[in-house]
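Beneath this line is the structure, given in structure tokens, with notes to follow.
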Amino acid sequence: MMEEMIFNLADTHLFFNDLEDCDQIHVDDVSSDDNGQDLSTYNFSADGFHSSAPGANLCLGSGVHGGVDWMRKLAFRYRRVKEMYNAYKNNVGGLIGAPKRETWLQLRAELEALTDLWLTHSLKALTLINSRPNCVNVLVTTTQLIPALAKVLLYGLGSVFPIENIYSATKTGKESCFERIMQRFGRKAVYIVIGDGVEEEQGAKKHNMPFWRVSCHADLEALRHALELEYL
């Protein structure tokens with residue numbers, strides 16, 4: 001049910017129907033093709049985005065494929081996605097509307113009950129990190145970028161993950177994303193990888209980053225405790 005809601009939000013509000021085959025690693029990856037045009041009255045449904053780039057290979061693995069005009073339309077969509085995320089990251093209910101909001105709140109409550117408040121405990125740790133002036137949360141996920149953004153919003157994590165700090169490893173793998181993050185924040189920054197998968201553990205090891213495994217409640221509690229005591 002939650003998965004259905006994630007893809008519904010992605011399709012309805014984040015152009016996933018248009019962008020599924022034009023997936024990017026980061027929301028700003030095509031921003032250089034954006035001419036800054038005012039989009040307040042722009043009609044996305046009638047701009048010829050699909051007709052100007054026919055065929056199955058709209059986007060190639062290395063990035064994108066299309067003429068200048070089509071690339072600009074692609075960039076417009078990612079700009080609007082960014083605007084929507086930033087506008088509703090603290091008010092997802094306002095984005096999805098009243099009937100869906102009730103379903104969403106009920107789903108969230110059921111998930112919390114089933115997982116013994118996993119999300120609540122996770123959010124406490126992430127909020128602690130986010131509250132520090134010299135620390136940031138960065139998310140690297142194997143989910144495609146647009147559904148990942150929808151997922152972050154629906155799980156109420158938009159306030160602790162700025163959209164600029166969300167990377168999709170679908171095309172390149174997590175290690176490549178780690179490298180990119182290190183290039184962005186610099187080699188002198190301290191990186192701590194938190195996760196439960198082999199891929200992120202191997203990537204962390206390769207880049208000499210400490211890896212904090214979180215696969216059960218005790219791990220999560222230990223992480224929060226270490227953060228509160230400023231061991232991390």
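The values are calculated or read from the model by the stated rules, or taken from the named source; none is laboratory data. Just so it is clear, the structure is predicted and the values come from calculations on it, not from any experiment. Cβ sites come from the backbone with ideal geometry, for glycine too, and all protein chains shown count toward neighbours.
Looking at the structure I just gave you, is Lys174 in contact with an Asp or Glu (Cβ under 6 Å, 6 or more places away or on another chain) and not hydrophobic (A, V, I, L, M, F, W, C)? Can you show your working first?
Working: in contact with an Asp or Glu (Cβ under 6 Å, 6 or more places away or on another chain): yes; not hydrophobic (A, V, I, L, M, F, W, C): yes.
Yes.
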Inset, instruction - Quick one: which residue in Leu149, Leu126 is more than 22 Å from Asp219 (Cα to Cα) and not in a loop (DSSP other than H, G, I, E, B)? - result: Leu149
Inset, instruction - Find the strands (runs of 3 or more DSSP E) located wholly in segment 154-232 whose residues include 3 or more that are modelled with pLDDT of 95 or more, over 27 Å from Asn90 (Cα atoms) and in contact with a strand residue (DSSP E or B) (Cβ under 9 Å, 6 or more places away or on another chain), and list them. - result: 211-213
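Tally the residues that are part of a loop (DSSP other than H, G, I, E, B) and among the hydrophobic types (A, V, I, L, M, F, W, C), restricting the search to segment 93-123.
Within segment 93-123, the first condition is being part of a loop (DSSP other than H, G, I, E, B), and the residues that meet it are 97, 115-117.
So of that shortlist, the ones also among the hydrophobic types (A, V, I, L, M, F, W, C) come out as 117.
Number satisfying all stated conditions: 1.
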Legend entry - Selected residue (criterion: farthest from Met182 (Cα to Cα)) from residues of segment 199-218 that are in contact (Cβ under 8 Å) with a residue 12 or more places away in the chain and aliphatic (A, V, I, L, M): Val214
Legend entry - Residue that is surrounded by the most Cβ atoms within 10 Å (Cβ to Cβ) [pool: residues in segment 164-198 that are in contact (Cβ under 8 Å) with a residue 24 or more places away in the chain and β-branched (Val, Ile, Thr)]: Ile166
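Consider segment 18-50. How many of its residues are polar (S, T, N, Q) and part of a helix (DSSP H, G or I)? Before the answer, list the steps.
Going residue by residue through segment 18-50, those that are polar (S, T, N, Q) are 24, 31-32, 35, 37, 40-41, 43, 45.
After this cut, where a residue has to be part of a helix (DSSP H, G or I) as well, the list is 31-32, 45.
Of the residues in that region, 3 qualify.
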Inset, instruction - For segment 79-90, state whether one or more residues are at pLDDT 95 or above, over 16 Å from Val152 (Cβ atoms), crowded, with 16+ Cβ neighbours inside 10 Å and of a type in the set (D, E, K, R). - result: yes
Inset, instruction - Collect the residues in segment 128-144 that are surrounded by 15 or more Cβ atoms within 10 Å (Cβ to Cβ) and more than 18 Å from Gly195 (Cβ to Cβ), keeping them in residue-number order. - result: Gln144
Inset, instruction - Those residues that are within 12 Å of the chain's Cα centre (by Cα) and among the polar types (S, T, N, Q), I need them from segment 116-158; list them, please. - result: Asn137, Thr141, Thr142, Thr143, Gln144
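Consider Ile6 carefully, then state whether it is of a type in the set (Val, Ile, Thr) and either modelled with pLDDT under 95 or part of a helix (DSSP H, G or I) (or both).
On the way: of a type in the set (Val, Ile, Thr): yes; either modelled with pLDDT under 95 or part of a helix (DSSP H, G or I) (or both): yes.
In short, yes.
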Legend entry - Within segment 88-105, considering residues that are free of Cβ contacts under 8 Å to residues at least 60 places away in the same chain and out of contact with any helix residue (DSSP H, G or I) (no Cβ under 8 Å at 6 or more places or on another chain), the one nearest to Asp34 (Cα to Cα): Asn91
